[in-house]
2 protein chains.
Amino acid sequence: MQSADAKLSRSSLQLALRRYSSVVRDMEQTVLLPSLLRDVPYDEAADCEAADNNMDLYEYYLMLKAIKNTVESGLIPHDDAKAKNQAALHKGLEPLLEAQPEALFHFHLGGLFTVIATLAKKSQNLTEKYLDIIGVSH
Amino acid sequence: MQSADAKLSRSSLQLALRRYSSVVRDMEQTVLLPSLLRDVPYDEAADCEAADNNMDLYEYYLMLKAIKNTVESGLIPHDDAKAKNQAALHKGLEPLLEAQPEALFHFHLGGLFTVIATLAKKSQNLTEKYLDIIGVSH
């Protein structure tokens, strides 16, 4: 039982990244007129979560595509503006890097998995919403 | 200039992970008697960083090998004990997942890159220390 449970609860980062690419590719092939997404609010009601997000769906579409490019290139862009925003986050974790590097490794590995799985779901939601907008039932 | 600079400052997570595996493999091939590392303190003096760490070199050696297995399998172990330790860290980031998923993606991607590059250096240091212990000059 134990080993079967362990197997089921394991997840692969590689698979999650590949799945994300494939879901965003579907989105790109479906959304032929991305400009239709402009000014459509990013509606979080369905997710029952706070909508702190003030991006419209068009901005979200661009963001999902940009992340796909990063995922597929495997490269880590060193954007100064982004780096500044994140300096505070990283600062708090620096002591962990020395004291508990293994915990920090698992923290970032698990975190990357969670965020990419969440974004894959967002991409699917966006595709569905586009189909709603153009009046195609699904 | 801009694009050349951007190119130089980019780093690849895939490469960093592959380099880590290779450095730990070197360590495993060099350290033929890991028990010699028992009770050797993990000396942080060379790094000029605080030594909150109370692992000995043998424990460090085992940790580096365990992380290599995770890196090579690509699987994310869902260890309940580890999960509990990290719940607090993740809790603080949950609002970010909705509000700024792109920032969180870059945070974890960059974080994973930093931690794996740091651990690769630690593995090289450990290999050198082992050679010191057995009296092989390098």
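Brief remarks follow.
- Test: residue in the stretch B:1-14 that is closer than 19 Å to B:Gly111 by Cβ, at pLDDT below 90 and assigned to a loop (DSSP other than H, G, I, E, B): yes
- When residues of the stretch B:101-124 are limited to those that are buried (at least 18 other Cβ atoms within 10 Å of the Cβ) and more than 8 Å from every other protein chain (Cβ to nearest Cβ), the one nearest to A:Leu93 (Cα to Cα): B:Ala120
- Candidates B:Gly74, B:Gly92, filtered to the one that is within 30 Å of A:Leu119 (Cβ to Cβ), at pLDDT below 90 and either surrounded by fewer than 13 Cβ atoms within 10 Å (Cβ to Cβ) or touching a Pro at 6+ places or on another chain (Cβ under 9 Å) (or both): B:Gly92
- Close pairs from the stretch A:113-127: first closer than 21 Å to B:Gly74 by Cα, partner outside any helix (DSSP H, G or I) and hydroxyl-bearing (Ser, Thr, Tyr), Cβ under 7 Å, at least 6 apart: A:Phe113/A:Ser11
The values are calculated or read from the model by the stated rules, or taken from the named source; none is laboratory data. This is a predicted model, so every value here is computed, not measured. Every residue, glycine among them, receives a Cβ derived from its backbone with ideal geometry; neighbour counts consider all protein chains shown.
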